[in-house]
Every structure is written in structure tokens, then in C-alpha cells.
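Q: Below are the C-alpha cells for one structure; questions will follow.
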Amino acid sequence: MSPFLFLVKFIGTKNLLNIKFSQRIIAALDAIRQTIGAYSDGALITRGNNTKFIRTVYRSPQVSQNSLEDIHRFYPLLHAIMDLPFPTIAPVTEHTFCGGCSLALAHDYRTKNAERGFISRPLLDLEMHSSGIGVLPKRKLSPQATRKMLLEGDKFTRKEALEDRVVDFTASPEQLLDAAVELANK
């Protein structure tokens, strides 16, 4: 069976993610799980309607100014992706920060644009703390990469992201989706 592709339409052109849109993605993931079943031979590739991946998460105006409340509303989306019964692939096309980085880490595989873009969780630079979100890098990355991401606020370039296994492979922007589909076929 060939892989299925989940095409996400992002809000606006900046590929930002808010709580309402997170809930829509969760509903779509639930529908996919129910439609194809738990034992599909496919894989899920998450990308935007303009081939971009989610770059960051912003606070919705209707949500309080409490960043802890925001992150707790974001957890269900991360859980929904991590709990899917088939492989998930996130093609990271350009700069991906904060919540976008966490969203990418929630996937089983991450591909990266070989020509540009950083992947980072710059919470230190922003003087923010997201309670509990550090568990994700600790489960997905090596201790060294986790320290760089969480304690040092590194912006991983393509080369660094590959070396530290933050991403699984890189490809040119034109070949990124094809490379993700090839991985899904494995």
C-alpha cells in the first residue's frame, strides 16, 4: 500500500499555529485514524498547503496571557501525533522555532531543508519556560542534543541537526516531499 499524505492548510501565509487550529488538526487526525484503521501500511506526512511546515505557535487572543495555560492547550496536539498507530514524518522546510520545533519532534521522523532554516526551541532567549515540554526532546534526542536545545538554546543548522539527529535526513526544498514519501514507502 502506498503512503497516505495528510495535507494541512495553515492559518494565513506564515504557517503559525493557534489553539483553535490545533483542535482542527486533532479532529482531522482522529478522522484519519478512524478511516484507515490502526494497522495501515501507510505513513502520515504533515505539511502546509504551501509546502511549508509549521514555523511556530502563537498565543490566541482569546487565551489568557499565561504561557503555561497556552502550552497545556498545545499538549493534546503533540499527544495526538505521537499516539498515531503508524509512522509520522515532518518535512521541516525553513525556520522552525518553539512550538513548531515541538510539533516536529512529536513526529517519528523529521526531514530538513538542506539549503536554509534553523530548528530551535529558543525559550531561554525569550525568557520563557514551558512546564513539561522538555520531556519531548529528552525522549526523542540524545542527552547532548537535548542539552543544546533546552539548556543552551542552540539554533540547529542543517549540518548540526543531522549530526545531533534532530532530523533524520536533509534534501533540497524541491526534493523534500519526495524524500519524505520515499521514507514513508520504507
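Q: Give the residue that is nearest to the chain's Cα centre (by Cα), with candidates limited to residues of segment 150-173 that are assigned to a helix (DSSP H, G or I) and in contact (Cβ under 8 Å) with a residue 40 or more places away in the chain.
A: ALA161
Q: Those residues that are more than 16 Å from ALA43 (Cα to Cα), polar (S, T, N, Q) and loosely packed, with under 14 Cβ neighbours inside 10 Å, I need them from segment 158-186; list them, please. Explain how you work it out, then say what you get.
A: If we filter segment 158-186 for residues that are more than 16 Å from ALA43 (Cα to Cα), which is where we start, we get 158-167, 169-175.
With the extra rule that they be polar (S, T, N, Q), the set shrinks to 170, 172, 175.
Scanning segment 158-186 gives a single hit, SER172.
Q: Please work out which one of (1) farther than 27 Å from LYS186 by Cβ; (2) modelled with pLDDT of 85 or more is the condition ASP125 fails and give its number.
A: Checking ASP125 against (1) farther than 27 Å from LYS186 by Cβ; (2) modelled with pLDDT of 85 or more, the one that fails is (2).
Q: So, one more: For segment 81-102, which positions are hydrophobic (A, V, I, L, M, F, W, C) and closer than 23 Å to ASN185 by Cβ?
A: ILE81, MET82, LEU84, PHE86, ILE89, ALA90, VAL92
The values are calculated or read from the model by the stated rules, or taken from the named source; none is laboratory data. As the structure is a prediction and not an experimental result, all values here were calculated from the model. When we count neighbours, we look across all protein chains shown, and the Cβ atoms used for this are built from the backbone with ideal geometry, even at glycine.
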